[in-house]
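Accompanying notes for the structure given below.
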Amino acid sequence: MDSLVDKVAVVTGSGRGIGRSIAEALLHAGAKVVISDINEELTRQTASELNGSGGRVLGVPCNVTNTESIETLLATVSKSWERIDILVNNAGITRDSLFMRMSEDQWQAVIDTNLTSAFKVTKPILKLMSKQRYGRIVNIASTTGIHGNFGQANYASAKAGLIGLTKTIALEYASRGITCNAVAPGFIDTQMTRALGEEIINKFVERIPMGRMGLPDDIAAAVVFFAGQAAYVTGQVLEVNGGLYT
Ligand code: NAP
């Protein structure tokens, strides 16, 4: 079991929602955390709210679809901390539509933000982790990437791709002390799902065996497991879904 004390963690899309909860949980477990979101104001605000005793939280805005923005993130982190031990690829969006009505823009935006982003962010950080001969990468996928979902062909494809990326990085980097796993959340209470409206939310909840939406903290607990205790676990996908396996 690895201690998370003083490990350096980068969490993308961590201004709010699941990403923010992951950052808080890693911080609570003793890590130093980089809060990073496309929204600059939210990045600063969340970083200052979490900073508490000071010195353990860095807020650096980053658009994960933009290579220059990622380079700036990494350059800024390296001025404060010399290593990156944990990467959580969490940033994601939805642009839902039934397949026949889905525009190319809706398709591409979701693939860029949920899948290509992980390729772009992970590559330079893996270089660093390889030199360190240590790293923990956790990708936030979705049950939709495993089972599919009406109106989410773009999102399901991106998340399925992220799972493929997870398993391949796990194989290619196991010998260098780097693990790569994925958490696949079910239906979690965040701004992303609140946008669906009460009627649709209630219909989903009726189908969840545990009878409730998941909380961002439920996902954070799984990430902390992969980042800390799961030293001999790699290439895995953990569904955190209240028992809803469809
Ligand atoms: P959320 O509340 O919408 O938070 C996502 C955060 O990512 C937002 O602050 C968003 O900023 C940011 N973001 C969007 N595009 C970005 C970009 N290009 N670069 C950097 N940051 C960006 O969503 P969430 O529910 O916490 O979702 C977090 C992750 O969990 C996503 O990967 C999502 O697909 C996955 N997930 C969520 C659920 C669920 O039920 N909530 C289920 C399965 C998987 P803006 O708002 O400014 O765009």
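With axes computed from alpha carbons, what is the tilt in degrees of helix 153-173 against the longest principal axis of the chain, rounded to the nearest 10 within 0 to 90? Between helix and principal axis, roughly 30 degrees.
Our coupling estimate for region 31-43, obtained by passing each phi through the Karplus curve with A = 6.51, B = -1.76, C = 1.60 and θ = phi - 60°, is 7, 9, 10, 9, 7, 8, 9, 5, 8, 4, 4, 5, 4 Hz, Gly and Pro reported as x. The calculated FRET efficiency for LYS131 paired with PHE225, based on their beta-carbon distance and R0 = 22 Å, is about 0.30.
The stretch between ASP217 and ASN202 holds 3.3 nm of extra length on full extension. This uses 0.36 nm per residue minus the Cα-Cα distance. Remark: region 43-149 carries a charge dipole of roughly 480 debye about the Cα centre, counting +1 on each Lys and Arg Cβ and -1 on each Asp and Glu Cβ.
On a full-extension model of 0.36 nm per residue, what is the gain between SER103 and PHE150, subtracting their alpha-carbon distance, rounded to one decimal in nm? All intermediate terms of the calculation are to be shown ahead of the outcome.
Details: separation 47, 0.36 × 47 = 16.92 nm, distance 1.55 nm.
Between SER103 and PHE150, full extension yields an extra 15.4 nm.
When +1 charges are put on Lys and Arg Cβ atoms and -1 charges on Asp and Glu Cβ atoms, the dipole computed for the chain relative to its Cα centre reaches about 640 debye.
For PHE204, the shell of other residues with beta-carbons less than 15 Å away shows a net charge of -1, using +1 for Lys and Arg and -1 for Asp and Glu.
Fewest neighbouring Cβ atoms within 10 Å first, the residues THR65, THR166 line up as THR65, THR166. When the chain is treated as a GNM with alpha-carbon contacts under 10 Å, the residue of LEU98, LEU115, LEU42 showing the greatest mean-square fluctuation is LEU98. Of the candidates ARG194, ARG56, ARG20, which one comes out as most mobile in a Gaussian network treatment of the chain with C-alpha springs shorter than 10 Å? Highest fluctuation of the listed residues: ARG194.
Show that you can apply the helix-only estimate: for the chain, add -39,500 (n - 2.57) for every DSSP H stretch of four or more residues, divide by all residues, and state [θ] at 222 nm to the nearest 500. Value at 222 nm, helices only, nearest 500: -13500 deg cm²/dmol.
Only the coordinates and a few stated rules stand behind these numbers; no lab work does. Just so it is clear, the model here is predicted, and its values are computed rather than measured. Using ideal geometry, Cβ is built from the backbone for each residue, glycine included, and neighbour counts are taken over all protein chains shown.
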